[in-house]
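Structure, as structure tokens:
All of the numbers you see were taken from the coordinates with simple rules; none came from a lab. Since this is a predicted model, take the numbers as computed values, not measurements. Neighbour counts run over all protein chains shown; Cβ positions are idealised from the backbone, glycine included.
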Amino acid sequence: MGSSETVLAAEKLSGALTIRDALAMPGRPVRIEAKLVHRALFAQTGLGGEQLEFFVGDRRIGQAMTGGDGRAMLEWTPRLRGNHVVTVKVAAGRRVESVPASAVVACWERRRPILLVENRALVEAIKVPLAPLPRLPASVGHQEGPEPAPDAVAVLKQLSQFFYNVIYLSRGETGPGSIAGETGDVREWLRRHEFPTGLSLTVKSGRTAFEEQLDELKAEGWDNIQAGVGRSVEFAEVLLAHRMKAVILEDADQSDKFPEKAHVVKDWREVRKKL
């Protein structure tokens, strides 16, 4: 008969931790939200009553307990500006095992302008074949997400170093050529390809949701969003309506007409010239 520790270990649930990026100002409290769930085949269930621990580097900044929906909130006050990586873990010895998760708390000053980057602008536009290609086995041609668009990493590194703070914006992208659709983790894709650290936001598809997100940021004091780089007509229209500069990467087979005031470019080398 095994020991009681062996029995307890065998009974542990497998949990999945996620944590949202957050935007803060130096010396002001920010709410960090994490979620712990158990994922089954067709559904997921929040795991309540679990103690989560939050760290910045090796420094523990606090703990919080999950509610019935699996969510836990921690209020933290960053003192230094910069992009702080916050890691959340399930407290040791609990009934749940989970891989730690990390997010960015972007502690920015409002005097530095913000650049919005639509995630679909970070990858090469997908060329649609004239005839459908035969379906390949899942193991053939498997890649860990699409490759970055040429020069996207270099240009964004320069822009973030000297001019802008960067917000990466996911807007319901799915399917081939989508960062989220193929890898399931935008932050991991950005890190793997060495994009500069920035805030990752996910907004529901549609113009209304995008406009509401911009209005929410403005209401929180972030009225320094100056420009955006994207691929869609809707992205350009919303930015221009909010009096922001819109730089749009044009697809080779683009049929939609962009607004006249949008700066339409062919590649990332031209993006830098328009900002």
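Structure values in brief
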| item | result |
| --- | --- |
| The one condition in (1) touching a residue at least 60 places away in the same chain (Cβ under 8 Å); (2) not in a strand (DSSP E or B) that Asn83 fails to fulfil | (2) |
| Qualifying residue in the range 89-100 (condition: more than 29 Å from Leu217 (Cβ to Cβ), buried (at least 16 other Cβ atoms within 10 Å of the Cβ) and among the hydrophobic types (A, V, I, L, M, F, W, C)) | yes |
| Residue satisfying all of: in the range 64-80; part of a loop (DSSP other than H, G, I, E, B) and free of Cβ contacts under 8 Å to residues at least 40 places away in the same chain; surrounded by the fewest Cβ atoms within 10 Å (Cβ to Cβ) among these | Gly68 |
| Scan of the range 100-117 for residues that are part of a loop (DSSP other than H, G, I, E, B) and over 16 Å from Thr66 (Cα atoms), ordered by number | Trp108, Glu109, Arg110, Arg111, Arg112, Pro113 |
| Complete set of residues in the range 45-63 that are surrounded by 13 or more Cβ atoms within 10 Å (Cβ to Cβ) and under 22 Å from the mean Cα position of the chain (by Cα) | Gly46, Leu52, Glu53, Phe54, Phe55, Val56 |
